[in-house]
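Peer 1: One structure follows; several queries about it will come next.
The values are calculated or read from the model by the stated rules, or taken from the named source; none is laboratory data. Worth saying up front: this structure is predicted, and the values here are computed from it rather than measured. Cβ placement follows ideal geometry from the backbone for every residue including glycine, while neighbour counts extend to all protein chains displayed.
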Amino acid sequence: MHTSGRFAVLTIEDPHTFEEWRSTVLAMVAATSASPQMCLLVDRRHSTPPSSEEVKQMIDFFEQNRSVLAGRSAAIVVVDDAGFGVARMIELRSRLELPDGTIRVFRHYDDAVKWLTEKSAV
């Protein structure tokens, strides 16, 4: 986890567990609680796509933590079609669970940084 002035970066690398993901996201949210609108960048370029069970756990996590995640935007960076497809599913499902937050998927890190920088400037 890395926090800059504009957004926090969470790098996911294999191997990892859902519990590690969950505790890190909660730590990131706590670390940025003074800036509740701070954006998040989830860098999944060095990990395999999450399984369908992990996606379900993530969606459940979003629902259970709606109040602390409200209003936050997140960019997910992936490198392959499988990762893009799974992250896109998370993006679409999150619209139901976090209607005032925004998750977008990117194939290029620089595009994600640009989008987050524009979001944080608003």
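Peer 1: Restricting attention to region 68-81, which residues are out of contact with any Asp or Glu (no Cβ under 6 Å at 6 or more places or on another chain) and either surrounded by fewer than 17 Cβ atoms within 10 Å (Cβ to Cβ) or assigned to a helix (DSSP H, G or I) (or both)?
Peer 2: Hits for region 68-81 are 68, 69, 79, 80, 81.
Peer 1: Still on this model: I'm trying to understand the selection: among the residues of region 64-84, which are of a type outside the set (A, V, I, L, M, F, W, C) and over 13 Å from residue 22 (Cβ atoms)?
Peer 2: Correct list: 66, 67, 71, 72, 73, 80, 81, 83.
Peer 1: When the residues of region 34-58 are narrowed to those that are assigned to a helix (DSSP H, G or I) and out of contact with any helix residue (DSSP H, G or I) (no Cβ under 7 Å at 6 or more places or on another chain), which ends up farthest from residue 104 (Cα to Cα)?
Peer 2: Filtering first and then ranking leaves 53.
Rundown of residues vs (1) within 18 Å of residue 89 (Cα to Cα); (2) within 14 Å of the chain's Cα centre (by Cα); (3) of a type in the set (D, E, K, R), yes/no style:
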{"residue": "27", "(1), (2), (3)": "no, yes, no"}
{"residue": "41", "(1), (2), (3)": "yes, yes, no"}
{"residue": "52", "(1), (2), (3)": "yes, no, no"}
{"residue": "55", "(1), (2), (3)": "yes, yes, no"}
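Peer 1: Just name the residue that is modelled with the highest pLDDT out of those in region 82-122 that are exposed (fewer than 15 other Cβ atoms within 10 Å of the Cβ) and not in a helix (DSSP H, G or I).
Peer 2: Looking at residues that are exposed (fewer than 15 other Cβ atoms within 10 Å of the Cβ) and not in a helix (DSSP H, G or I), I get 108.
Peer 1: Another question about this same structure. Just a yes or no: is a residue in region 86-100 hydrophobic (A, V, I, L, M, F, W, C), touching a strand residue (DSSP E or B) at 6+ places or on another chain (Cβ under 7 Å) and farther than 19 Å from residue 22 by Cβ?
Peer 2: Looking through region 86-100, none of the residues is hydrophobic (A, V, I, L, M, F, W, C), touching a strand residue (DSSP E or B) at 6+ places or on another chain (Cβ under 7 Å) and farther than 19 Å from residue 22 by Cβ.
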